[in-house]
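Visitor: The structure under discussion is supplied below as structure tokens; questions concerning it will follow.
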Amino acid sequence: MQLIPCPWCGPREEAEFHYGGQAHVAYPGDPSALSDEEWARYVFFRENPSGPFAERWSHNAGCRRWFNAVRDTRTHDLLAVYRVGEPMPEVTA
Amino acid sequence: MSFRTDTGGAIDRNTLLRFTFNGVEHTGHPGDTLASALLANGVHEIGSSVKLGRPRGVVAAGSEDPTSLVQVEAPFSEPMLLATTVELYDGLVARGLAGQGKLSSEPDPARYDAKHEHCDVLVVGAGPAGLVAALTAARSGARVVLVDEQNQAGGALLGVDEYLDDRPSAEWVADIVAELKSTPDVLVLERTTAFGMYQDGFVLALQKRTDHLGFAAPASVARQRVWRIRTRQTVLATGAHERPVVFADNDRPGIMLASSARTFLHHYGVLPGSRAVVFTTNDSAYCAAIDLAESGVDIAVVVDARPEAPARLAAECAARGIEVRAGQLVTGTEGPGRVTAVQVGDDRIACDALLVSGGWNPVVSLFSQARGTLRYDAELGAFVPGRELATVRVAGSATGELDLTACTRQGRDAGAGAAAAAGFTSGSQVPLPASDSRCTARSGLVLWRVPGNDDASFVDLQRDSTVADVLRATGAGLRSLEHIKRYTTIGTAHDQGKTSGMIAAGIVAEALGVELSEQRPTTFRPPFTSVSFAALAGRDRGDLHDPVRVTSIHPWHVQHGALFENVGQWKRPWYYPQPGEDLHAAVLRECRATRESVGMMDGSTLGKIDVQGRDAGEFLDMLYTNMMSNLKVGKIRYGVMCGVDGMVIDDGTVIRVGEERYIVTTTTGNAAKVLDWMEEWLQTEWPHLDVHCTSVTEHWATIPLVGPKSRAVLAAVAPSLDVSNEAFEFMTWHDTEVAGVPARVCRISFSGELAYEINVTAWHGLAVWEALMAAGERYGITPYGTETMHVLRAEKGYPIIGQETDATVTPQDLGMSWAVSKKKPDFIGKRSFARAENNRSDRKQLVGLLPVDPAVLLPEGSQIVETDRLPEPPVRMLGHVTSSYPSAALGRTFALALVRSGHERIGETLYVPVEDSLVPVTVTESVLYDKEGARRDG
Amino acid sequence: MTVSPLAAWRDRLAALAPVLDVAEVPFRSQLTVRVSDPDAIAAMGATLGVLFPSAACTFTSGTGRFGDVEVLWLGPDEFLVTASPGLRVTIEEVLRGALGTVRGSVVDTSAQRTTVVLQGAQGREVLAHGCSVDLHPAAAPVGTCVQTLLARTGIVLQVTGEDTLTVLVRSSFAEYFAAWLADACTEYLAVP
Ligand SMILES: [Zn+2]
């Protein structure tokens, strides 16, 4: 059972969290202006890197806050957590 | 004949324990394991092997034993236990296994539980290194947990008869344990095996708490406990397992690891036989030979594979009349079952025990699980821990160190280092003990196998895997140990290859002509020792298996004989059968009563979310497909929610309670999901919006009051409310008092009938329900459950999210284009509605189906085909039946279905395969009852 | 006529007394407050006679015109105000007044959760069977307030005294919580 450091509550067990997929995928400003392909890219396509990956987590069973985390997908190690709106920090994997 | 010594060992000779093994009664003593008691009775044949049926005995004294598998039959049947780890109790009944056991068909009556424990320093293993590590950490003030799999601390010291600082080692151990136990925030767990090491200092350990009490185990005490330990730093002092040497017919009962024979002698007061041959590649087995000789065992010969025997030990043997043959090998054994003779060179030496030592394998399983890398130590012939981890240290023989003082020094350093890393400064230093051991810690010769009959040279005794199997694997071109493990199954039994894995790796390396240092060892995975499912389940069984959520009105439903349906974790009344009624009869009655007079249900499980803020309207406009910001205060609107892909995810009503405040309802199953969905958008996309969402699902009890007489019933309990159609219009709400309780009454309908939804705080739910029942008595008010609710809504073509939808269904597919705003510039899902895929004419669409035979009930989930005869496969499926019921109102059966191009097919006849026949059905609109909506106003 | 979620459990909870004094404290007034503006937070605190908690995972208590009031930190802009029964309507009004036109919300959630008080030296031990948060007095001193999981339900756990724990549990999960707690005490009842 991995610990995930909630930026508000501190480290808690993974079971308290909900995964939200890739971070920094913004809702398009004007969806109607996008081509079908561009829209499909927003809806269906996500990165799947081997290594550091910025993703969203929600501390569901705790403070219910969404936050971002950089996770190394090879090890599951969380390299950094940061609050929504903050830029992705530099990490060394 | 008894093989019990007169003195010595940690057993109580004054107390007899009776037990039965393979149908024969024996006795043993407190302190025995089943294995030691059997050996004391001269019983060496425990079971037989899984594939070849060869007799098997006891190879090792502890949990590394590959062969002594038994099934305990009483007090409770439990398969696949090791006789070496079953503590003896009075009345134990067990039998040996032929490699596999049988699960009991009875529920296990014992309690099992789990407990979380947090510490600064976890020490695994209470041998000399672990004890010193734990005490060093404890003296620093750290929170320490010490786990050890034995029933008492001491580790390897339990199996020897040695002195530390000129006193019995047991005294040294006892002093340390006493100090640990009297130190605050130190937890010493005996009979506890750390079986899994995971990320972030998470270690699972299984404690056997009452197994050893047998029939006397108190029912109220958890028999086994899974400790969920979260530690900042870990010291692994897991020791080393003695490694055998493989030779022909090395699997006979009576062939045992030398150190294990020594352990049976010193810890249990048991002799392995009358006449023993010792076969070794290193010094340590000499101590076994000398100790056993001094206890009366005739040591026929010590066969030392090394060209020269160690002079001092050889002299000690000579002084006791023990022959030592250096530079020789055991090449085979004989015996009908148990070994009766050993072949050494050209000599056949009679014996009833063969004690083998091939060196030592550090126990690196947990270190490896913790992602520690392993390195091959050529001198030791074993994989040892590589680089230390930031939070995991290794001490003692688990590092490959064999000298006791050096081991304890490592323990002290590791304990101090771990405590320091956790932020504690060391306390007074723990002195290191001096040992009188005659066996020096010299490494021996690395010898994996003695050439001979490969088909009878067993590498993994439990899997019946031989040298021949390994060579077959390498001969077939396999090179990776992982592949060979799977091909040969070596290391996949209960013991996870504790005694066989290293040897297999060595034989593979030899066969391939590669260095072991270039081979990657197989990955160690939890659990280190077997853990029963009962222990893993713990208390999450029976009523506690999954929470049962109930509403405030639940006790009434129980009292009135409701049968329940699970909706998510909720228990909802399914129907309320009267005597003699089955589901269909009860539901027809409930439906009829509701459509003809008045019915009532418990709708408290509906999700309810309070949405407040200046931008609440704008927010809801984005979430729902239709417009919510223009809803007037006092009004209610039905809404559909889609994902960004345009697929329906939930529906419900939106109630505007104030200029900046709405209450939205969700389906029962999606309450938490919808709130999460809202928070996700608010927090991650639109933090600028002034909106806050709060769940009030359980604050409110919700009671739909449904049917033409609902107005009269409501009027009777809400005297201050004008219930007339003019004053209380459809899709509006009023705050009032119902049965004297503040209530919010909404006029909404999920059945097409005149209906009200009464909301009161959950504390008042039961009282208001009862008041409504009383007020409705003169109209024959009928409580109904989810089944009737489903029929009533299906007759009106109202879809149920999750039944008519499955994440591939759009509002348009459901015929709900009317609920999709054309005016709003954007909302979640809107852009997807313009995708080509969403506009295909052959999308599956919601329609009604009327079986041509009005008595035929279509099974839900049935497929739908186009023709009255099935063509050759593949048959084109047009869709499936989503809901199907008999209807009191329609006087016939009906169904809802998702059908390709369904909306264009209205009027067509399609076919539904039901068992062997094709049932003809007529496609209709989804609304089958009261199409003109005449019943809505009562 | 009001019924609290654990009314039917009163005797069974009381029977745990040798181990823990467990009692539901029903019908407490509970208001969920969402606010982040420091002035509004101060104003709300002032009107209740209690300082809102400024540290995550803590709660504060105070006494004012509504008697003893506690404010629980539930999230960075989320608080739960709890007080004696019968005050929910007035406190909601007062808090709404203190909030004024500032961004935020006040919602009556009194019946959403029920309150259970566990008193006894073994309370932390018993909860450790299902709660992964470190409950050691050094890690969870008096004043701690965490939202977490207990076995298979969410709870709000307040450390209200050296040997007193207060658990807020969703009403629909209350019976599960009570059943879990009673079962967890089985062993402690047997081995005093
Ligand atoms: Zn949090």
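Visitor: Determine if the range B:839-848 includes at least one residue that is modelled with pLDDT of 95 or more, open to solvent by less than 10 Å² (accessible area, probe 1.4 Å) and in a loop (DSSP other than H, G, I, E, B).
Guide: No, every residue in the range B:839-848 fails to be modelled with pLDDT of 95 or more, open to solvent by less than 10 Å² (accessible area, probe 1.4 Å) and in a loop (DSSP other than H, G, I, E, B).
Visitor: Just a yes or no: is a residue in the range A:19-31 within 30 Å of B:Val203 (Cβ to Cβ) and surrounded by 16 or more Cβ atoms within 10 Å (Cβ to Cβ)?
Guide: Pass one, the range A:19-31, residues within 30 Å of B:Val203 (Cβ to Cβ): A:19-20.
Still in the running and surrounded by 16 or more Cβ atoms within 10 Å (Cβ to Cβ): A:20.
Checked against the condition, which is being within 30 Å of B:Val203 (Cβ to Cβ) and surrounded by 16 or more Cβ atoms within 10 Å (Cβ to Cβ), the range A:19-31 yields at least one hit.
Visitor: Follow-up. Which of the numbered conditions does C:Val19 fail, given that it passes all the others? Conditions: (1) of a type outside the set (Ser, Thr, Tyr); (2) within 16 Å of the ligand (Cβ to nearest atom); (3) part of a loop (DSSP other than H, G, I, E, B).
Guide: In the conditions (1) of a type outside the set (Ser, Thr, Tyr); (2) within 16 Å of the ligand (Cβ to nearest atom); (3) part of a loop (DSSP other than H, G, I, E, B), C:Val19 misses (2) alone.
Visitor: What number goes with the only condition from (1) within 44 Å of the chain's Cα centre (by Cα); (2) under 24 Å from B:Asn626 (Cβ atoms); (3) not in a helix (DSSP H, G or I) that B:Glu679 does not pass?
Guide: (3)
Visitor: Tell me yes or no: at least one residue of the range C:45-58 is away from chain B (no Cβ under 14 Å), polar (S, T, N, Q) and part of a strand (DSSP E or B). Spell out the reasoning first.
Guide: First pass over the range C:45-58, keeping only residues away from chain B (no Cβ under 14 Å): C:45-58.
Next, from what is left, pick out any that are polar (S, T, N, Q): C:47, C:54, C:58.
Checking which are part of a strand (DSSP E or B) leaves us with C:58.
Looking through the range C:45-58, at least one residue is away from chain B (no Cβ under 14 Å), polar (S, T, N, Q) and part of a strand (DSSP E or B).
Visitor: Filter the range B:221-240 for residues that are within 23 Å of the chain's Cα centre (by Cα) and either outside any strand (DSSP E or B) or β-branched (Val, Ile, Thr) (or both) and give the result. First the steps, then the outcome.
Guide: At the first step, the residues of the range B:221-240 found to be within 23 Å of the chain's Cα centre (by Cα) are B:221-231.
Hits for the range B:221-240 are B:Val221, B:Ala222, B:Arg223, B:Val226, B:Ile229, B:Thr231.
Visitor: Could I ask something else about it? Of (1) without any contact (Cβ under 8 Å) to a residue 12 or more places away in the chain; (2) part of a loop (DSSP other than H, G, I, E, B), B:Ala715 satisfies all except one. Which?
Guide: (2)
Visitor: Right, next: Looking at (1) among the aliphatic types (A, V, I, L, M); (2) at pLDDT below 95; (3) open to solvent by less than 10 Å² (accessible area, probe 1.4 Å), which one does B:Ala311 not meet, given that it meets all the others?
Guide: If we test B:Ala311 against (1) among the aliphatic types (A, V, I, L, M); (2) at pLDDT below 95; (3) open to solvent by less than 10 Å² (accessible area, probe 1.4 Å), just (3) comes out false.
Visitor: Return only the number of the condition from (1) within 16 Å of the ligand (Cβ to nearest atom); (2) touching a Phe, Trp or Tyr at 6+ places or on another chain (Cβ under 8 Å); (3) free of Cβ contacts under 8 Å to residues at least 40 places away in the same chain that A:Glu14 does not satisfy.
Guide: (2)
Visitor: Considering only residues that are open to solvent by less than 40 Å² (accessible area, probe 1.4 Å) and of a type in the set (Phe, Trp, Tyr), look in the range A:32-87 and name the one that is farthest from the ligand (Cβ to nearest atom).
Guide: By that ranking, first place goes to A:Trp39.
Visitor: Tell me which of these B:Glu515 doesn't satisfy, since it passes every other one: (1) of a type outside the set (Phe, Trp, Tyr); (2) open to solvent by 50 Å² or more (accessible area, probe 1.4 Å); (3) touching an Asp or Glu at 6+ places or on another chain (Cβ under 6 Å).
Guide: B:Glu515 satisfies all of (1) of a type outside the set (Phe, Trp, Tyr); (2) open to solvent by 50 Å² or more (accessible area, probe 1.4 Å); (3) touching an Asp or Glu at 6+ places or on another chain (Cβ under 6 Å) except (3).
Visitor: Starting from the range B:411-423, take each residue that is farther than 11 Å from B:Thr391 by Cα and list its partners that are outside any helix (DSSP H, G or I) and open to solvent by 20 Å² or more (accessible area, probe 1.4 Å), counting only C-beta distances under 6 angstrom and pairs at least six apart or across chains.
Guide: Pairs that qualify, where the first residue is farther than 11 Å from B:Thr391 by Cα and the partner is outside any helix (DSSP H, G or I) and open to solvent by 20 Å² or more (accessible area, probe 1.4 Å), are B:Ala416/B:Ser426.
Visitor: Could you please let me know if C:Ser61 is of a type in the set (Gly, Ala, Ser) and either part of a loop (DSSP other than H, G, I, E, B) or open to solvent by less than 50 Å² (accessible area, probe 1.4 Å) (or both)?
Guide: Working: of a type in the set (Gly, Ala, Ser): yes; either part of a loop (DSSP other than H, G, I, E, B) or open to solvent by less than 50 Å² (accessible area, probe 1.4 Å) (or both): no.
No; evaluated as a whole, the condition is false for this residue.
Visitor: Right, another one. In the range B:293-303, which residues are touching a helix residue (DSSP H, G or I) at 6+ places or on another chain (Cβ under 8 Å) and either among the charged types (D, E, K, R) or in a strand (DSSP E or B) (or both)?
Guide: B:Ile299, B:Val302
Per-residue answers, yes or no, for (1) open to solvent by less than 40 Å² (accessible area, probe 1.4 Å); (2) within 16 Å of the ligand (Cβ to nearest atom):
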{"residue": "C:Thr47", "(1), (2)": "yes, no"}
{"residue": "C:Pro53", "(1), (2)": "yes, yes"}
{"residue": "C:Leu72", "(1), (2)": "yes, yes"}
{"residue": "C:Val81", "(1), (2)": "yes, no"}
{"residue": "C:Gly86", "(1), (2)": "no, no"}
{"residue": "C:Glu93", "(1), (2)": "no, no"}
{"residue": "C:Thr101", "(1), (2)": "no, no"}
{"residue": "C:Ala111", "(1), (2)": "yes, no"}
{"residue": "C:Cys131", "(1), (2)": "yes, yes"}
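Visitor: Please tell me if C:Asp37 is away from the ligand (no atom under 16 Å from the Cβ), within 25 Å of B:Val760 (Cα to Cα) and either surrounded by 20 or more Cβ atoms within 10 Å (Cβ to Cβ) or touching a residue at least 40 places away in the same chain (Cβ under 8 Å) (or both). Walk me through it before giving the result.
Guide: Details: away from the ligand (no atom under 16 Å from the Cβ): yes; within 25 Å of B:Val760 (Cα to Cα): no; either surrounded by 20 or more Cβ atoms within 10 Å (Cβ to Cβ) or touching a residue at least 40 places away in the same chain (Cβ under 8 Å) (or both): yes.
Criteria not met by C:Asp37.
Visitor: Looking only at the range B:763-805, which residues are part of a helix (DSSP H, G or I), open to solvent by less than 10 Å² (accessible area, probe 1.4 Å) and not basic (Lys, Arg)?
Guide: Once the filter is applied, which keeps residues that are part of a helix (DSSP H, G or I), open to solvent by less than 10 Å² (accessible area, probe 1.4 Å) and not basic (Lys, Arg), the range B:763-805 yields B:Gly765, B:Val768, B:Trp769, B:Leu772, B:Gly776, B:Thr786, B:Thr788, B:Val791, B:Leu792, B:Ala794, B:Glu795.
Visitor: How about the range B:470-559: which helices (runs of 4 or more DSSP H) wholly inside it have at least 2 residues that are under 30 Å from B:Thr786 (Cα atoms) and over 25 Å from the mean Cα position of the chain (by Cα)? If you could, list the steps in order and put the result at the bottom.
Guide: Details: elements: B:481-488, B:501-512, B:533-537, B:554-559.
Hits in the range B:470-559: B:554-559.
Visitor: If you don't mind, another one. Can you tell me which of (1) within 16 Å of the ligand (Cβ to nearest atom); (2) farther than 30 Å from B:Lys824 by Cβ is the one A:Gly20 doesn't meet?
Guide: Only one criterion in (1) within 16 Å of the ligand (Cβ to nearest atom); (2) farther than 30 Å from B:Lys824 by Cβ is unmet by A:Gly20, namely (2).
Visitor: Would it be correct to say that C:Thr148 is facing chain B (nearest Cβ under 10 Å), without any contact (Cβ under 8 Å) to a residue 40 or more places away in the chain and open to solvent by less than 30 Å² (accessible area, probe 1.4 Å)? So that I can check it myself, show each step before the final result.
Guide: Numbers: facing chain B (nearest Cβ under 10 Å): no; without any contact (Cβ under 8 Å) to a residue 40 or more places away in the chain: yes; open to solvent by less than 30 Å² (accessible area, probe 1.4 Å): yes.
Considered against the rule, which asks whether it is facing chain B (nearest Cβ under 10 Å), without any contact (Cβ under 8 Å) to a residue 40 or more places away in the chain and open to solvent by less than 30 Å² (accessible area, probe 1.4 Å), C:Thr148 comes out as no.
Visitor: Additional query: Looking at the structure I just gave you, is B:Thr391 hydroxyl-bearing (Ser, Thr, Tyr) and in contact with a Gly (Cβ under 8 Å, 6 or more places away or on another chain)?
Guide: For B:Thr391, the condition - hydroxyl-bearing (Ser, Thr, Tyr) and in contact with a Gly (Cβ under 8 Å, 6 or more places away or on another chain) - is met.
Visitor: Only residues in the range B:914-932 that are closer than 22 Å to B:Gly797 by Cα count as the first member; pair them with residues that are outside any loop (DSSP other than H, G, I, E, B) and of a type in the set (Val, Ile, Thr), Cβ under 6 angstrom, at least 6 apart or cross-chain, and list the lot.
Guide: Correct list of pairs: B:Val919/B:Val912; B:Pro920/B:Thr909; B:Val921/B:Val912; B:Thr922/B:Thr909; B:Val923/B:Val847; B:Ser926/B:Val847.
Visitor: With the requirement that a residue be within 14 Å of another protein chain (Cβ to nearest Cβ) and either outside any strand (DSSP E or B) or surrounded by fewer than 21 Cβ atoms within 10 Å (Cβ to Cβ) (or both), what does the range B:190-206 give you?
Guide: Within the range B:190-206, B:Gly196, B:Tyr198, B:Gln199, B:Asp200, B:Gly201, B:Phe202 qualify.
Visitor: Output the number of the condition that B:Ile490 fails; it satisfies all remaining conditions of (1) open to solvent by 50 Å² or more (accessible area, probe 1.4 Å); (2) closer than 21 Å to B:Gly57 by Cα.
Guide: (1)
Visitor: Another question, if that's okay. Aliphatic (A, V, I, L, M), open to solvent by less than 20 Å² (accessible area, probe 1.4 Å) and not in a strand (DSSP E or B) - does that describe any residue in the range B:395-404?
Guide: Checking the range B:395-404: at least one residue is aliphatic (A, V, I, L, M), open to solvent by less than 20 Å² (accessible area, probe 1.4 Å) and not in a strand (DSSP E or B).
Visitor: Something else about it: Kindly indicate the residue of the range B:553-598 that is farther than 12 Å from B:Thr782 by Cβ and aliphatic (A, V, I, L, M) and also modelled with the lowest pLDDT among those meeting that condition.
Guide: The residue in question is B:Val567.
Visitor: Okay, next question. Going through B:Arg572, B:Arg614 one at a time, which residue ends up being in contact (Cβ under 8 Å) with a residue 40 or more places away in the chain and over 38 Å from the mean Cα position of the chain (by Cα)? Explain how you work it out, then say what you get.
Guide: Values: B:Arg572 fails: over 38 Å from the mean Cα position of the chain (by Cα).
Matching residue, one of B:Arg572, B:Arg614: B:Arg614.
The values are calculated or read from the model by the stated rules, or taken from the named source; none is laboratory data. As the structure is a computational prediction, the values presented were derived from the model and not from experiment. Glycine also receives a Cβ, built like all others from the backbone with ideal geometry; neighbour counts cover every protein chain displayed. Surface accessibility is based on the protein's heavy atoms, side chains included, excluding ligands, DNA and RNA. Shrake-Rupley method; radii C 1.70, N 1.55, O 1.52, S 1.80 Å.
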